[in-house]
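In what follows, a structure is listed as structure tokens, so that the remarks can point back to it.
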């Protein structure tokens with residue numbers, strides 16, 4: 001998967017892919033993945049592709065290896081000590097993979113259990129033009145994800161940084177992330193998809 005060119009479109013998981021590559025010669029494009037390749041999603045995937053709470057992942061549209069193939073690092077920094085209600089936390093997502101020529105991610109903070117299980121927790125603010133925030137259906141959950149500017153790795157690694165404002169109530173929160181490492185072939189094939197779930201307890205420093 002390479003960066004976008006004249007014939008490139010973004011697949012439903014938000015990374016650059018040629019729609020034609022997913023449709024065999026002579027096919028009308030009416031197969032199960034045809035709609036997933038149009039229209040292009042320049043600023044990342046549509047909401048709801050983190051792999052958490054029954055959501056799909058980038059593997060909806062990107063293929064190449066089993067989910068979470070060995071040999072890649074996907075980690076989150078800034079939340080190790082938990083959170084205090086209402087506090088703002090700078091968060092960094094680091095993604096490192098072999099043969100990564102383009103990359104993207106999507107994440108969401110939601111309550112881990114209780115009456116609000118699965119509901120959006122806190123708020124997210126981009127710190128630069130490499131990430132953006134979109135809302136899911138119904139507007140309850142915010143999703144943080146890469147932009148076009150934030151899709152180019154350096155030497156097989158990439159980082160995204162943003163700010164999370166913790167919720168006012170003390171309850172465990174879970175951050176679900178799905179990330180895609182592109183293989184550089186301008187198609188949804190040979191891509192590597194990874195997921196991560198981080199539980200964040202209340203009561204941090």
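In the set (1) on the phi > 0 side of the Ramachandran plot; (2) without any contact (Cβ under 8 Å) to a residue 60 or more places away in the chain; (3) touching a helix residue (DSSP H, G or I) at 6+ places or on another chain (Cβ under 9 Å), residue 71 fails one condition alone, (3).
For the range 180-188, the criterion of being in contact with a helix residue (DSSP H, G or I) (Cβ under 8 Å, 6 or more places away or on another chain), crowded, with 18+ Cβ neighbours inside 10 Å, modelled with pLDDT under 90 and more than 17 Å from residue 49 (Cβ to Cβ) is satisfied by at least one residue.
Residues in the range 142-168 that are over 17 Å from residue 107 (Cα atoms) and in a strand (DSSP E or B): 154, 157.
Among the residues of the range 155-167, write down those that are farther than 19 Å from residue 68 by Cα and modelled with pLDDT of 95 or more. Quick ask: steps written out before the conclusion?
Filtering the range 155-167 for residues farther than 19 Å from residue 68 by Cα gives 155, 160-167.
Residues satisfying the conditions are 160, 161, 162, 163, 164, 165, 166, 167.
I'd like to check something: does the range 169-177 contain any residue that is touching a helix residue (DSSP H, G or I) at 6+ places or on another chain (Cβ under 6 Å) and modelled with pLDDT under 95?
Going residue by residue through the range 169-177, those that are touching a helix residue (DSSP H, G or I) at 6+ places or on another chain (Cβ under 6 Å) are none.
The answer is no; no qualifying residue exists.
Residue 140: at pLDDT below 95 and more than 24 Å from residue 101 (Cβ to Cβ), yes or no? Judged against the criteria, residue 140 is a match.
Just so you know, in the range 32-51 the residues that are at pLDDT 90 or above and within 26 Å of residue 156 (Cβ to Cβ) include one that is surrounded by the fewest Cβ atoms within 10 Å (Cβ to Cβ), and it is 51.
Within the range 80-91, does at least one residue satisfy the condition of being within 21 Å of residue 199 (Cα to Cα) and free of Cβ contacts under 8 Å to residues at least 12 places away in the same chain? Give the steps one after another, and end with the answer.
Within the range 80-91, the first condition is being within 21 Å of residue 199 (Cα to Cα), and the residues that meet it are 80-91.
Adding the requirement that they be free of Cβ contacts under 8 Å to residues at least 12 places away in the same chain leaves 80.
Checking the range 80-91: at least one residue is within 21 Å of residue 199 (Cα to Cα) and free of Cβ contacts under 8 Å to residues at least 12 places away in the same chain.
The values are calculated or read from the model by the stated rules, or taken from the named source; none is laboratory data. Please read these numbers as outputs of a predicted model, since none were measured by experiment. Using ideal geometry, Cβ is built from the backbone for each residue, glycine included, and neighbour counts are taken over all protein chains shown.
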